[in-house]
Amino acid sequence: MLGKVSIVHNEIPENESLRQMVYSTLDGSSINSFSSSKEQYLKPAVELYGGFKLPNQQSLDLSAISSYSSNKYSRIYREIIFFTQMKADEKLLNINISANYVKQLKNKKSLSFYLLDNYVLSETKYIDNINTDQRLYTNEAIFFAGYLHFFNPQWMMNTRLGTSWLTYGLKHQKDISQLSSRGDITVRYQISENQAATMMLAIGNSFPTINTLNNADQRVDSIIIKRGNPELDIAKLYNIALIYNLFSKKINLQAIFINNLFTNIMVLDYFPEKTI
């Protein structure tokens, strides 16, 4: 059994900058701008771990992690005929619970079951120019069933297949619930005493955060307004990796080929607002 309590404090004092911007207009005029920002961050956390050896070559590992974050951020931006200021008060509660059960079988085989539940509650309050608040809850439950099999001294396969049940809801928006496939497969072949080849396949999904879904307008300068998109879909991630190892007593060489495929990936987009 292991218990851990921690408190992290981080403070960035006032940071000021003076810039000159040249707009691509016909007269090529330039504008001086001034910005000032500061941050303050506090995060206490409690972590509990337990490892248990059960009869008949069984084991059970449990963990529970809870943390609370408080972040204060302020920014002032000023041009000749434009001024904006923002203060943000962010609160983040995270609760993570997991359980991993392993049963050792004959001939170096093993069967495992893994359960994870991750809950995040994010609250952000903007004051001054925006005067709004955002609230996002996210809960993801992941279940894996794993099987490790040594076919012979050369061939090994480790498989974890499961599912992810993701639910989340942004304030004033409809709650979303998605069921996705999760898993990874590793196949390893021992070519010789000092050579090995490995192939890995994996599939996963992303986890939404309040800064990507947030629909509050945040003025960056006299032209740019920053906001998220509450209608973003969850990204799916597909990965394949091929690894070749050549090793001796003093040298270990490795060649890796990795290919990642992402769908519904989040990207930054700049576009002009419609004017009336």
Original post:
How many residues does the range 197-232 contain that are buried (at least 16 other Cβ atoms within 10 Å of the Cβ), farther than 30 Å from Leu116 by Cβ and of a type in the set (Gly, Ala, Ser)?
Top reply: 2
Original post:
If you go through the range 216-240, how many residues are under 21 Å from the mean Cα position of the chain (by Cα) and either more than 30 Å from Leu179 (Cβ to Cβ) or in contact (Cβ under 8 Å) with a residue 24 or more places away in the chain (or both)?
Top reply: 11
Original post:
Do we find a residue being out of contact with any strand residue (DSSP E or B) (no Cβ under 8 Å at 6 or more places or on another chain), part of a loop (DSSP other than H, G, I, E, B) and without any contact (Cβ under 8 Å) to a residue 24 or more places away in the chain anywhere in the range 181-192?
Top reply: no
Original post:
If you take the residues of the range 77-118 that are over 26 Å from Pro44 (Cα atoms) and of a type in the set (S, T, N, Q), which of them is most open to solvent (accessible area, probe 1.4 Å)?
Top reply: Asn107
Original post:
Out of all the residues in the range 46-61, which are of a type in the set (S, T, N, Q) and under 14 Å from Ala99 (Cα atoms)?
Top reply: Gln58, Ser59
Original post:
Are any residues in the range 231-270 among the small types (Gly, Ala, Ser) and in a loop (DSSP other than H, G, I, E, B), and if so, which ones?
Top reply: Ala235, Ser248
Subject >> Among the residues listed as Val46, Val5, the single one being β-branched (Val, Ile, Thr), open to solvent by 50 Å² or more (accessible area, probe 1.4 Å) and closer than 24 Å to Asn139 by Cβ >> reply: Val46
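Residue-wise test of (1) of a type in the set (Ser, Thr, Tyr); (2) farther than 30 Å from Thr163 by Cα; (3) free of Cβ contacts under 8 Å to residues at least 12 places away in the same chain; (4) not in a strand (DSSP E or B).
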position	(1), (2), (3), (4)
Lys43	no, yes, no, no
Leu60	no, no, no, no
Ser74	yes, yes, no, no
Tyr77	yes, yes, no, no
Thr84	yes, yes, no, no
Leu92	no, no, no, no
Tyr101	yes, no, no, no
Lys108	no, no, no, yes
Ser112	yes, no, no, no
Original post:
Scanning the range 119-143 for residues that are more than 25 Å from Ser177 (Cα to Cα) and of a type in the set (Val, Ile, Thr), which turns out surrounded by the most Cβ atoms within 10 Å (Cβ to Cβ)?
Top reply: Ile130
Original post:
Among the residues of the range 233-267, how many are of a type in the set (A, V, I, L, M) and open to solvent by less than 50 Å² (accessible area, probe 1.4 Å)?
Top reply: 4
Original post:
Does Ile127 satisfy the condition of being under 22 Å from the mean Cα position of the chain (by Cα) and in contact (Cβ under 8 Å) with a residue 24 or more places away in the chain?
Top reply: no
Original post:
For Asp175, which of the numbered conditions (1) of a type in the set (Asp, Glu); (2) closer than 30 Å to Asn152 by Cβ; (3) in contact with a strand residue (DSSP E or B) (Cβ under 9 Å, 6 or more places away or on another chain) fails to hold?
Top reply: (2)
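The values are calculated or read from the model by the stated rules, or taken from the named source; none is laboratory data. If you're wondering where the values come from, they're calculated on a predicted model, not measured in any experiment. Heads up, the Cβs are rebuilt from the backbone with ideal geometry, glycines too, and the neighbour counts pull from every protein chain shown. We work out accessible area using only protein heavy atoms, side chains counted, and drop any ligands, DNA or RNA first. Shrake-Rupley method; radii C 1.70, N 1.55, O 1.52, S 1.80 Å.
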